[in-house]
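Peer 1: Structure incoming, see below.
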Amino acid sequence: MPDKSFLTWPFFENRHRILAERIDAWCRTHLTADHGDVDAASRDLVAKLGRDGWLMHTAIDPDVPGALDVRTLCLMRETLARHDGLADFAFAMQGLGAGAISLFGNAAQRQWLKRTRTGAAIAAFALSEARSGSDVAGMEMTATRDSDDYVLSGEKTWISNGGIADVYVIFARTGEAPGAKGISAFIVPSDLPGFSIAERIAVIAPHPLARIRFEHARIPASAMIGAPGEGFKIAMATLDVFRTTVGAAALGFARRALDEATSRARQRQLFGAPLADLQMVQASIADMALAVDAAALLVYRAAWTKDMGAPRVTREAAMAKLFATDQAQDVIDKAVQIHGGDGVRHGHIVERLYREIRALRIYEGASEVQKVIIAKQTLSGG
Ligand SMILES: Cc1cc2nc3c(=O)[nH]c(=O)nc-3n(C[C@H](O)[C@H](O)[C@H](O)COP(=O)(O)OP(=O)(O)OC[C@H]3O[C@@H](n4cnc5c(N)ncnc54)[C@H](O)[C@@H]3O)c2cc1C
């Protein structure tokens with residue numbers, strides 16, 4: 001049984017505790033970890049999560065705009081990730097993909113949320129380019145004003161849900177200023193003429209991913225989120241919310257690894273006694289338990305701080321993401337070690353976790369980028 005004692009922490013309200021139990025029960029009856037066709041499985045997961053109301057938590061209610069509840073997002077992601085990485089991915093991308101619309105969209109643009117919150121539309125967030133992954137402000141894709149329209153030209157890569165999304169939030173250079181201040185955000189439906197999937201990308205933990213292309217794709221100026229030149233700010237504010245949730249997903253993977261390792265250590269007999277009797281194994285279990293609790297404290301500190309109305313949680317979110325993802329990698333590695341040969345057997349749960357965790361230390365800002373953020377804010381006394 002996973003440790004749920006953290007739910008008594010003062011970061012949570014009763015509604016969070018109830019939600020955590022409900023989503024856990026839902027996962028136990030609705031999720032199978034074995035996915036064949038990853039596109040079909042992702043579509044199916046979005047449909048199921050939408051049908052049963054869980055996607056409501058991924059975006060604000062367009063008719064009663066309020067704030068996103070980051071603790072709810074984190075509890076959802078942690079629990080889904082503990083059961084099934086692809087289910088977490090399907091949930092998370094509805095949130096990240098629609099995040100800029102939740103945070104900055106006008107009333108007309110928020111109508112998209114009716115579809116993303118029910119699973120009727122699949123969402124994607126398109127920021128990265130081949131030559132500007134970590135260096136977001138160096139992006140080259142352009143959006144050129146032409147009367148009442150913008151014309152999009154260029155490519156984005158590593159786009160999660162690329163190939164299956166119905167709506168993309170795209171960031172492109174509109175040229176108000178050089179660098180970060182010359183970027184704007186747009187809502188782009190996938191049936192836009194001039195839009196295409198240039199390449200599908202396969203990764204170690206399969207999920208829908210693509211390089212996408214725009215060739216003189218014309219969209220109305222009303223598709224712009226916020227004002228011209230605000231795109232970088234919009235992207236960073238969106239990541240401020242969702243980076244913490246990446247930490248929560250890592251925490252879910254780490255908790256699962258710890259559970260699997262402890263039950264294996266109790267059951268496996270070696271040298272005439274359970275593996276758990278060996279002190280070096282106990283040391284590993286202790287390190288894992290400590291890492292999980294410390295990561296949970298940082299994740300829910302960041303989520304609670306945001307929910308209490310902090311305008312930005314850049315430092316807290318960076319710490320949560322950096323620590324939780326790095327530690328989860330180590331926890332999962334230890335779980336693989338405790339499982340011996342079974343730990344690397346293709347399809348074993350800890351082998352899957354080993355593959356699932358890796359990309360989290362790269363996307364939404366690599367670990368080094370989080371360190372730069374933390375150092376800058378610490379050195380400036382903020
Ligand atoms: C599975 C997956 C899903 C993704 N999904 C999306 C998505 O949905 N939307 C989207 O827009 N993007 C997405 N990305 C892209 C992701 O955000 C980028 O891969 C990431 O920002 C790193 O960019 P890059 O790959 O170009 O690596 P680079 O920018 O070339 O960086 C390479 C490495 O350099 C190091 N580094 C970078 N900056 C610094 C620094 N300041 N100091 C020291 N070292 C540094 C880090 O170790 C980094 O990993 C996804 C990526 C992956 C792998």
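Just so you know, all these numbers are worked out from the coordinates, no wet-lab data involved. Values in this document were obtained by computation on a predicted structure and should not be read as measured data. Ideal geometry is used to build each Cβ from the backbone, glycine not excepted, and the neighbour counts take in all protein chains shown.
Peer 1: Based on the alpha carbons, how large is the Rg to Rh ratio for region 255-382 when Rh follows Kirkwood? Mind dumping the intermediate values first?
Peer 2: Working: Rg = 17.4 Å, Rh = 16.0 Å.
Using Cα coordinates only, the ratio equals 1.08.
Peer 1: Just add up the charged neighbours of Leu113: K/R +1, D/E -1, any other residue whose Cβ is under 11 Å from the Cβ of Leu113.
Peer 2: Residues near Leu113 contribute +2 overall.
Peer 1: Spin-label point model (7 Å from Cα, Cβ direction): what's the Arg218 to Arg355 distance in nm?
Peer 2: Going by the 7 Å Cα→Cβ label model, 4.5 nm.
Peer 1: Expressed as a whole number of Å, what is the distance separating the alpha-carbon centroids of region 307-334 and region 184-256?
Peer 2: So the two Cα centres are separated by 21 Å.
Peer 1: Evaluate E = 1/(1 + (r/R0)^6) for Ala130 and Ser5, where r is the Cβ-Cβ distance and R0 equals 41 Å; express this FRET efficiency to the nearest 0.05.
Peer 2: The formula returns an efficiency of 0.35 here.
Peer 1: What ranking, highest mean first, results for peptides 362-369, 292-299, 140-147, 243-250 when packing means the other Cβ atoms within 10 Å averaged over each residue?
Peer 2: Ranking, from highest mean packing down: 243-250, 292-299, 362-369, 140-147.
Peer 1: Only Cα pairs within less than 10 Å get springs; with that Gaussian network setup on the chain, which residue of Ala302, Ala121, Ala286 has the largest fluctuation?
Peer 2: Ala286
Peer 1: Shifting gears a bit: Around Val350, what is the net charge, scoring Lys/Arg as +1 and Asp/Glu as -1 over all other residues with Cβ under 14 Å from its Cβ?
Peer 2: Taking every Cβ under 14 Å from that of Val350, the sum is +3.
Peer 1: Can I ask one more? Given the options Gly175, Phe195, Met224, identify the residue whose Cα lies farthest towards the positive end of the charge dipole of region 143-228 (+1 on Cβ of Lys, Arg; -1 on Cβ of Asp, Glu).
Peer 2: It is Gly175, whose Cα lies furthest towards the positive end.
Peer 1: Report, in whole Å, the centroid distance computed from the Cα atoms of region 146-179 and region 31-76.
Peer 2: Region 146-179 and region 31-76 have Cα centres separated by 24 Å.
Peer 1: Suppose the chain between Ala198 and Leu290 were pulled fully straight at 0.36 nm per residue; how much longer would it get relative to their current alpha carbon spacing?
Peer 2: On the way: separation 92, 0.36 × 92 = 33.12 nm, distance 4.40 nm.
Roughly 28.7 nm would be gained on extension.
Peer 1: A further question on this structure: Efficiency by 1/(1 + (r/R0)^6): what FRET value for Asp52 and Glu13, r their Cβ-Cβ distance, R0 = 25 Å, to the nearest 0.05?
Peer 2: 0.70
Peer 1: Then there is this: Report the net charge of residues surrounding Glu215, where surrounding means a beta-carbon distance below 14 angstrom and charges are Lys +1, Arg +1, Asp -1, Glu -1.
Peer 2: Numbers: positive: Lys156, Arg211, Arg213, Arg218; negative: Glu155.
Spelling it out: positives minus negatives among the neighbours equals +3.
Peer 1: Next up: Set Lys and Arg Cβ to +1 and Asp and Glu Cβ to -1, take the dipole of the chain about its Cα centre, and tell me which of Trp112, Ala295, Asn161 lies farthest positive.
Peer 2: Towards the positive end, the residue furthest out is Ala295.
Peer 1: Right, something else. So which residue, out of Leu251, Leu86, Leu31, gets the largest mean-square fluctuation from a GNM of the chain using Cα contacts under 10 Å as springs?
Peer 2: Maximum fluctuation in the GNM of the chain, among the listed residues, is at Leu31.
Peer 1: On to the next question. Using Cα pairs closer than 8 Å and at least 6 residues apart in sequence, work out the relative contact order for the chain, in percent. Please list the in-between numbers first.
Peer 2: On the way: 717 pairs, mean separation 59.4, N = 382.
So the answer I get is 16 percent.
Peer 1: Shifting gears a bit: Roughly what would the spin-label model give for Ala310 and Ala283, points 7 Å off Cα along C-beta, in nm?
Peer 2: That separation, rounded to one decimal, is 3.5 nm.
Peer 1: If each residue of separation counts as 0.36 nm, what is the full-extension length gain between Ala180 and Arg145 once their alpha-carbon separation is subtracted?
Peer 2: 10.8 nm
Peer 1: For region 171-243, what does the alpha-carbon gyration tensor say about shape, rounded, prolate or oblate, given a ≥ b ≥ c as the root eigenvalues, a/c under 1.5 as rounded, and a/b over b/c as prolate? Each step should come with its number before you reach the end.
Peer 2: Numbers: a/c = 2.11, a/b = 1.27, b/c = 1.66.
The shape class here is oblate.
Peer 1: Mean Kyte-Doolittle of at least 0.5 plus a Cα span of 30 Å or more along the axis: flag which DSSP H helices in the chain meet both, please.
Peer 2: Once both thresholds are applied, what remains is 279-307.
Peer 1: Taking the Cβ of each residue in Ile159, Ile374, Ile164 as the centre, tally the other Cβ atoms inside 10 Å and list the residues starting with the fewest.
Peer 2: Ile374, Ile164, Ile159
Peer 1: If you don't mind, another one. Given +1 on the Cβ of Lys and Arg, -1 on the Cβ of Asp and Glu, and no further charges, what dipole in debye does the chain carry about its Cα centre, rounded to the nearest 20? Write down the numbers at each step before the final one.
Peer 2: Values: 44 positive and 44 negative charges, 83 e Å.
Dipole about the Cα centre, nearest 20: 400 debye.
Peer 1: Separate question: Which of the peptides 198-205, 127-134 is most tightly packed, and how do the rest follow, judged by the mean count of other Cβ atoms within 10 Å per residue? Mind showing how you got there, number by number?
Peer 2: On the way: 198-205: 12.6, 127-134: 16.9.
The most tightly packed comes first, giving 127-134, 198-205.
Peer 1: What whole number of Å gives the distance from the Cα centroid of region 335-358 to the Cα centroid of region 92-129?
Peer 2: Spelled out, the Cα-based centre of one part sits 34 Å from the other.
Peer 1: Expressed in nm to one decimal, what extension gain is obtained for the pair Ala25 and Ala120 from 0.36 nm per residue of sequence separation less their Cα-Cα distance?
Peer 2: 31.8 nm
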